[in-house]
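The values are calculated or read from the model by the stated rules, or taken from the named source; none is laboratory data. Note that the structure is a prediction, hence the values are computed from the model and not measured. Cβ coordinates were reconstructed from backbone atoms using ideal geometry, including for glycine residues, and neighbour counts include every protein chain displayed.
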Amino acid sequence: MTVPTYVPGHGLLKDKVVVVTAAAGTGIGFATAKRALEEGATVVVSDWHERRLAETAEALAVQGVVCDVTQQDQVDGLISQTVAAHGRLDVMVNNAGLGGTAELVDMTDEQWLRVLDVTLNGTFRCTRAALQQMKTQGSGVIVNNSSVIGWRAQIGQAHYAAAKAGVNALTRTAGVEGAQFGVRVNAVSPSIAMHAFLAKVTTDELLEELSAKEAFGRPAEPWEVANVIVFLASDYSSYMTGEIVSVSSQHP
């Protein structure tokens with residue numbers, strides 16, 4: 001089916017300082033950073049891959065900070081460098097995550113722990129660091145990138161499903177706690193968003209199978225997910241916290 005027309009910016013994040021993790025490349029992170037810029041934000045991008053990060057920062061003309069979300073000192077450095085450069089942190093988009101395919105009967109401890117450390121523990125580290133800064137400010141928004149796999153079973157995805165279910169639970173609790181000092185925490189939960197890296201690590205057969213389950217008969221474009229992230233980051237979602245918003249056209 002036809003992809004809808006790209007939506008122009010409407011100043012939804014005007015004068016906001018926005019950090020997007022795992023923003024290098026062609027996926028949801030890059031699309032979110034680009035959309036935030038188009039909505040008037042000052043944007044800082046991070047990634048663990050220095051070369052791809054430098055290319056992304058140059059392409060978007062924004063500040064880039066190397067950050068491996070499994071390392072607390074690097075997470076803290078991302079926040080402190082952002083605040084040092086721009087005075088505050090208004091929006092934290094926790095996009096970093098790691099997938100993989102292995103059935104439980106064959107899954108190793110290393111495979112399990114690596115996915116959980118990046119996808120769940122990394123989101124925890126970034127959320128905690130952002131909350132500490134935002135509590136001091138008395139305001140801020142955190143948007144986590146989850147997945148419908150957090151509640152839908154898919155063969156070979158036990159580690160990723162467990163991690164994303166954990167992100168959902170973390171989001172709900174952080175949302176309630178953050179509300180006490182003026183901070184909102186929500187998450188998007190995409191089904192399938194097509195980009196070059198996904199195509200590289202996923203078979204054509206699986207992509208066709210997953211796309212066929214969608215009402216529109218196609219995967220989402222990364223910018224379609226980014227639009228929902230922008231909405232949650234903006235003042236248009238001012239009464240929402242602890243919510244998981246599914247970005248999907250697939251229904252049971």
**Report entry** Criterion violated by Asp76 - all others in (1) of a type in the set (Asp, Glu); (2) surrounded by fewer than 23 Cβ atoms within 10 Å (Cβ to Cβ); (3) more than 20 Å from Lys135 (Cβ to Cβ) satisfied
**Finding:** (3)
Query raised in the report: If you go through segment 61-77 one residue at a time, do you hit one that is in contact with a strand residue (DSSP E or B) (Cβ under 6 Å, 6 or more places away or on another chain) and hydroxyl-bearing (Ser, Thr, Tyr)?
Result: no
Report task. Only residues that are outside any helix (DSSP H, G or I), of a type in the set (Ser, Thr, Tyr) and free of Cβ contacts under 8 Å to residues at least 24 places away in the same chain: list them for segment 93-139, please. Result -> Thr108
Requested in this report: Say whether the condition of being surrounded by fewer than 21 Cβ atoms within 10 Å (Cβ to Cβ), modelled with pLDDT of 95 or more and not basic (Lys, Arg) is met by at least one residue in segment 29-39.
Outcome: yes
Report summary line: Residues in segment 10-23 that are surrounded by fewer than 16 Cβ atoms within 10 Å (Cβ to Cβ) and more than 22 Å from Gly64 (Cα to Cα) total 2
Query raised in the report: Is it true that some residue in segment 233-249 is part of a strand (DSSP E or B) and at pLDDT 95 or above?
Result: yes
Requested in this report: Residue by residue through segment 101-145, note down the ones that are touching a helix residue (DSSP H, G or I) at 6+ places or on another chain (Cβ under 6 Å) and among the small types (Gly, Ala, Ser).
Outcome: Ala102, Ala129, Gly140
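Hey, does segment 64-83 have a residue that's within 19 Å of Gly25 (Cβ to Cβ), among the hydroxyl-bearing types (Ser, Thr, Tyr), in contact (Cβ under 8 Å) with a residue 40 or more places away in the chain and not in a helix (DSSP H, G or I)? Don't jump to the end; show me each part of the working.
Pass one, segment 64-83, residues within 19 Å of Gly25 (Cβ to Cβ): 64-70, 74, 78.
Now restrict to residues that are among the hydroxyl-bearing types (Ser, Thr, Tyr): 70.
Okay, now just the ones that are also in contact (Cβ under 8 Å) with a residue 40 or more places away in the chain, so 70.
Right, trim to not in a helix (DSSP H, G or I) and you get 70.
Yes, there is a match, as at least one residue in segment 64-83 is within 19 Å of Gly25 (Cβ to Cβ), among the hydroxyl-bearing types (Ser, Thr, Tyr), in contact (Cβ under 8 Å) with a residue 40 or more places away in the chain and not in a helix (DSSP H, G or I).
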